[in-house]
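Notes follow the structure.
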Amino acid sequence: MKSPVLPLPRVRHLLDSASRNRLLVAGDLMLDQFIWGSVSRISPEAPVPVLDFSRESYMPGGAANVARNLSALGAKPVIFGAVGRDAAANKLRVLLEEQQVDCGGLLTVPARHTSIKTRIIAHQQQVVRVDRETRADLEPRASARLLAALEARLADVDAVIVGDYGKGVVTQPFLNHLKQVCRARGIWLSLDPKPVHHLDLKGLSLITPNRKEAFELAGLADSGRSADPLQDAALLRVADQLLAELQPALLLITLGDQGMLLCQRGQKPFCIPTVAQEVFDVSGAGDTVIASFTLAVAAGASPVEAAIFSNHAAGVVVGKVGTATVTPAELLASFQKIRS
């Protein structure tokens, strides 16, 4: 399949408009820790590799990575979520502020543990991941405080993105209230769903499941993919079912090396082949997709333009190790590469 084209002048226009967009990101915040090293021997204590430590690094993760992606593309995001009273929260706040993310919506809840995902990396390959976090639903009074703070910042906002990672911030009452206030104000509302977290997702502007998540949301088994997504009967059946049941304005199903499938009620699905040249790490690619698609829509892009825009953004980040972002210069280079 030949990739559809978004002209370079249009890409530049969208990026220029994005620098004036204000977006809110709400949801589960994480701190991604990476421990880097090399392996040359097996432990005498157990049949496991011994990592010779080289360095460690930290990046914002979860909904914080969505905000980080928006900022990298020139937008002015504000982040809303709950953190603990701990060193991880302090580190996360510093990292976000360094990347020009407004942290005015961070709510400190002493009883919670700020989510930390520790990834052990040897020779550019992830060996193991260690999670330290609170998964219980955010206490109702704390959730109400978070919603009140968010609602107070909705004036002149172009879009809201919900980052649900099943860690307790995005509850059904939280999402219901957010849908209500965004609908009343005509504000675009995007969400990347987690089927293991059973929520009523009806009436969102955009949902962005991957193939596995789309089948899980539909409650159907995946019998295996076809070479051409537009000829994939099972996938198209899932898309039709999700459009009918959840009634989003747009459904964007990410398909890994097959690109993306953009679906709207009453229209034929549109497939955007991947532009990724090399794939080192898909960590956080979904964050890049929902951030860049929503930002493009807020900047005035059509749904197809936004899908092409976000496809290129994702193609850049999967070529990097770790939860990554894409800059305007890298995005423009990706489009120029397709033209050459």
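Rule-based calculations on the coordinates, nothing more; no lab input. Every value quoted in this text rests on a predicted model; they were computed, and no experiment measured them. Neighbour counts run over all protein chains shown; Cβ positions are idealised from the backbone, glycine included.
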Highest GNM mean-square fluctuation, the chain, Cα pairs closer than 10 Å: which of V66, V157, V39? V39
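Work out how much length L154 to T108 would gain on full extension: take 0.36 nm times their residue separation and subtract the Cα-Cα distance, in nm to one decimal.
Extending this stretch completely gives an extra 14.5 nm.
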Where the centre of each part is set by its Cα atoms, how far does the stretch 53-98 sit from the stretch 184-239, in angstrom? 27 Å
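Based solely on its DSSP helices, what 222 nm [θ] is calculated for the chain when runs of n ≥ 4 H residues each add -39,500 (n - 2.57) and the sum is averaged over all residues, nearest 500 deg cm²/dmol? It would help to have the intermediate numbers written out before the result.
Working: 10 runs with 122 residues, N = 340.
The per-residue figure over the chain is -11000 deg cm²/dmol.
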May I have the extent of the alpha carbons of the stretch 65-135 along their three principal axes, as whole Å values ordered from largest to smallest? 35, 34, 18
Of all DSSP beta bridges with both partners in the stretch 8-339, the antiparallel percent, nearest 5, is 45 percent
Here Rg/Rh (Cα, Kirkwood) for the stretch 105-154 equals 1.19
Quick check on the stretch 8-339: what are the equivalent-ellipsoid semi-axes from the Cα gyration tensor, as sqrt(5λ), descending, whole Å? 29, 26, 21
Measuring from its Cα centre, the stretch 54-176 shows a charge dipole (+1 at each Lys and Arg Cβ, -1 at each Asp and Glu Cβ) which, in debye to the nearest 20, is 400 debye
Sequence-distant residues sharing a close amide H with L107 (under 5 Å, placed H): G81, A82, V83
Stretch R132-V48 to full length: gain in nm at 0.36 nm per residue minus the Cα-Cα span? 28.1 nm
Scan around L250 for amide H atoms under 5 Å from its own, H built in the peptide plane at 1.01 Å from N, and keep only partners 5 or more places away or cross-chain. L206, I207
Arranged by the count of other C-beta atoms within 10 angstrom, fewest first, what order do T118, T274 take? T118, T274
Residue-ordered couplings for the stretch 247-263, obtained by feeding phi - 60° into the Karplus form 6.51 cos²θ - 1.76 cosθ + 1.60 and rounding to whole Hz (Gly and Pro as x), are 6, x, 5, 9, 10, 10, 9, 7, 10, x, 6, 9, x, 9, 10, 9, 10
Set of lysines with alpha-carbon distance to K320 below 25 Å, sequence-local pairs under 8 removed: K2, K76, K91, K117, K194, K212, K337
Most positive-pole-ward Cα, S54, I79, V94, against dipole of the stretch 23-115 from beta carbon charges: I79
With +1 on the Cβ of every Lys and Arg and -1 on the Cβ of every Asp and Glu, and nothing else charged, how large is the dipole of the chain about its Cα centre, in debye rounded to the nearest 20? 460 debye
Set the Förster distance to 25 Å, then compute FRET efficiency between R141 and Q241 from the Cβ-Cβ distance, nearest 0.05. 0.10
